[in-house]
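Just below is one structure, and these are the notes that go with it.
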Number of protein chains: 2
Amino acid sequence: VNPSHPAYSKNALDRRSGERNQPGWYEAQLDKAGARFAVFSGDKLVMHAGPAGSGGIKWFTRSELPTLMGNVPPVFLGADTSETAHFAAQAENDEAAAGNGLVALDVRSIALQGLVPAHDLGLIAQARSLLHWHSRHRFCANCGGTTSAGDAGYKRSCEACGAEHFPRTDPVAIMAIVRESNMLLGRSSRFAENMFSTLAGFVEPGETAEDAVRREVFEETAIRVGRVDYVMSQPWPFPANLMLGMVGEALSEEITIDPEELADARWFSFDEVRMMNTRTHPGNAVVPPDISIAWHLIRHVLDTRG
Amino acid sequence: VNPSHPAYSKNALDRRSGERNQPGWYEAQLDKAGARFAVFSGDKLVMHAGPAGSGGIKWFTRSELPTLMGNVPPVFLGADTSETAHFAAQAENDEAAAGNGLVALDVRSIALQGLVPAHDLGLIAQARSLLHWHSRHRFCANCGGTTSAGDAGYKRSCEACGAEHFPRTDPVAIMAIVRESNMLLGRSSRFAENMFSTLAGFVEPGETAEDAVRREVFEETAIRVGRVDYVMSQPWPFPANLMLGMVGEALSEEITIDPEELADARWFSFDEVRMMNTRTHPGNAVVPPDISIAWHLIRHVLDTRG
């Protein structure tokens, strides 16, 4: 059974975004009985080992926390319905996951292997994106001074020039391009063998999401795109993307790939795409796994136009 | 006559995003005959003074350029249909706009007063967002070292640790919230007197755009939102937002405002909103100007549900 939503897009925690900047609020949350901490070693989350790592997130108490990365305090993720405060923390090194029935797993594998409930994937994405941002922003881009975290982990302020910095979220346009009963899919040389996916690229400053679709598709394949319709969004924590899933209508057919971006790009008939999804395509071509918004965009097109 | 699109959302230049990282490409563009440069003094664009500043963008030749801000080289905006290379440059100080029939105007006023054609507003937004990013990112957030620009202005690299940094584009959810024939509009204490607008807030790491709508509306007004539909996007260069315009269905009615975020929020009937738009509302309430995506979202709701 395929999921109704792409991975990382459900999050049951209440972020308390209107309260996080109040004086003393963060410290009070840290001090709460039952406060729990997800811990990352590098980009990997510490999990209970369980059978095939299926034991779920290892929630540390405050006193159990390993030594944390310097100048990256725990970030507040949110409260659950029983008011338990949830945080994420960045370990200084890999010892956090050494033995004791624990294992550190990368965030993509956790989703791909279905190791946690869907609503935990949202908080894992939130944690991973925020901690990655903190660990790479300990200095001020404006003056080179040292920054320190505030607002429960949603701000860093420069101790030298006073500049305030906020977490990044990078919008990415990802698009199923359609012409009659055919879909344009491409493969990067980084992809798994035979895998074809929807094209994608970062939305640039001074550009609509829709124009980003047109620009990226033309740049990568020389296909002209007209109408563009939005379908859904997905947080994609590698490290902090917001995927904006869209369907675009091709105005041309002749593909010329940009070899720096793509190893291949082709028009596949909807029937072929169905076979790619069920892994019965005669050429062994496949589509990405159902954790991806690409898979959900492809399904959306087949469901609504197939 | 109201515009069919919000301001800053049309851009006629070809960004050449697939070529910008090729060795020597940027320098060759700079050297091209006819290369032209838009110049910013602080956050203001240098324009021909003209009647009411209506003389349009002052395009400098390379030899006309004033002294530029240190370590912020001209950024490539794109080529027009006649292959003319367009750049934007950040002046070191305000002399760039001193006399000579020139005037420096802020990017919002240029849109509001209709001083340039719609397709020039997109490149002005692109230029403003990119130059603002460069001027605030001359140092490395990872190590505090000095960064230098590359990829024709679409990257900065750290000379010390080698980290690569890319321009920010911050996604913002902005939403017309509807219940039967009523729309939820709020006013910040920063707004012009009597102006009510759609609510808005930054999409956070690990969150869908749709959940950002629900979170922000609940946080600011305590209204619960169910279904959310995307309508359109807009680049908003203050300094580098991507506005994601959506319509949400309210599941509750009772408003409790967050006084830190809003001075007021109310349900207005669609008939009232129409009067607010024509400036005939009995209480003198008004909606934002038609350069904003807020205005276009409001019109979208009235057109499709009114």
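Per residue, the convex hull spanned by the Cα atoms of chain A measures out at 160 cubic angstrom.
Volume per residue of the convex hull around the Cα atoms, evaluated for region A:200-306, comes out as 123 Å³. Taking 18 Å as the cut-off, no amide N atom of region B:135-158 comes nearer than this to a point 7 Å along the Cα-to-beta-carbon line of B:Glu95.
For the residues A:Arg156, B:Arg36, a 1.4 Å probe over the protein chains yields an accessible-area ranking, largest first, of B:Arg36, A:Arg156. Taken about its Cα centre, region B:102-213 carries a charge dipole of roughly 380 debye when the Cβ of each Lys and Arg holds +1 and the Cβ of each Asp and Glu holds -1.
For B:Lys58, the lysines whose Cα falls under 30 Å of its own Cα, not counting residues fewer than eight places away in the same chain, are B:Lys10, B:Lys32, B:Lys44, B:Lys155. Given the DSSP H assignment, sum -39500 (n - 2.57) over each helix run of at least 4 residues in chain A and divide by its residue total; what's the result at 222 nm in deg cm²/dmol, nearest 500? Helices in chain A give a 222 nm mean residue ellipticity of -6500 deg cm²/dmol.
For peptide B:258-269, the mean count of partner chain Cβ atoms within 10 Å of a residue's Cβ comes to 1.
Other protein chain C-beta atoms within 10 Å of residue C-beta, averaged over A:126-133: 2. Distances from B:Gly18 to itself in the other copies, using label points 7 Å out along the Cα-Cβ axis, amount to 4.8 nm in increasing order.
Centre-to-centre, using Cα atoms only, region A:78-105 and region B:111-149 are separated by 38 Å.
Specify whether the C-alpha gyration tensor of region A:54-153 places it in the rounded, prolate or oblate class, a ≥ b ≥ c being the square roots of the eigenvalues: rounded for a/c under 1.5, otherwise prolate if a/b is larger than b/c and oblate if not. The shape class here is prolate. Accessible surface of A:Asp271, taken over heavy atoms with a 1.4 Å probe and every protein chain present, rounds to 100 Å². Per-residue accessible area (protein heavy atoms, 1.4 Å probe) orders A:Thr84, B:Thr61 as B:Thr61, A:Thr84, starting from the largest.
Each copy carries a label point for A:Asp258 at 7 Å from Cα toward Cβ; from one copy, the others' points are 3.8 nm away, ordered from shortest.
For A:Ala33 and A:Glu253 in one chain, what is 0.36 nm times their gap in residues minus the Cα-Cα distance, to one decimal in nm?
Difference between extended and current length: 73.0 nm.
In this simple spin-label model, placing a label point 7 Å from the Cα along the Cα-to-Cβ direction at both A:Ser148 and B:Glu64 gives a separation of 5.0 nm. Summary for A:Gly101: label point 7 Å along Cα→Cβ; distances to the equivalent points in the other copies, ascending, 8.1 nm. Per-residue SASA remark: B:Ser63, around 110 Å² accessible (1.4 Å probe; ligands, DNA and RNA not included). For the A and B pair, go ahead and give the buried accessible area with a 1.4 Å probe, both sides summed, in Å² to 100. In total, chains A and B hide about 3900 Å² from solvent. Contact residues in region B:156-176 (at least 30 Å² less accessible area with all protein chains than alone, 1.4 Å probe): B:Arg168, B:Thr169, B:Pro171.
For the pair B:Thr278 and B:Asp106, a Förster radius of 25 Å applied to the C-beta separation gives a FRET efficiency near 0.35, rounded to the nearest 0.05. Put the Cα centre of region B:253-306 next to the Cα centre of region B:1-43 and the gap is 35 Å. Normalised radius of gyration (Cα atoms, divided by 2.2 N^0.38 Å) for region B:1-81: 1.29.
Scattering from region A:243-297 was approximated by placing one identical point on each alpha carbon and applying the Debye formula without solvent; log10 I(q)/I(0) at 0.13 1/Å stands at -0.41. The modelled label-to-label distance for the pair A:Asp80/A:Arg227, using points 7 Å beyond Cα in the direction of Cβ, is 4.5 nm. Solvent-accessible area per residue for the protein assembly as shown at a 1.4 Å probe radius, Å²? Accessible area per residue, the protein assembly as shown: 41 Å².
Comparing Cα centroids, region A:214-241 and region A:150-196 end up 11 angstrom apart. If you roll a 1.4 angstrom probe over the protein chains with everything in place, what fraction of the accessible area of region A:163-281 belongs to carbon and sulfur, to the nearest %? Of the solvent-accessible surface of region A:163-281, carbon and sulfur hold 48 percent.
Assuming charge only on the beta carbon of Lys and Arg (+1) and of Asp and Glu (-1), the dipole of the protein assembly as shown about its Cα centre is about 80 debye to the nearest 20. The length gained on full extension between B:Ala160 and B:Arg190, counted as 0.36 nm times the residue separation minus their Cα-Cα distance, comes to 6.6 nm.
Restricting the calculation to alpha carbons of region A:265-306 gives Rg and Dmax of 9.7, 25 angstrom.
The values are calculated or read from the model by the stated rules, or taken from the named source; none is laboratory data. Being a predicted model, the structure only gives us computed values, none of them experimental. Every residue, glycine among them, receives a Cβ derived from its backbone with ideal geometry; neighbour counts consider all protein chains shown. For the accessible areas, the whole protein counts, side chains as well, though only heavy atoms, and no ligand, DNA or RNA atoms are used. Shrake-Rupley method; radii C 1.70, N 1.55, O 1.52, S 1.80 Å.
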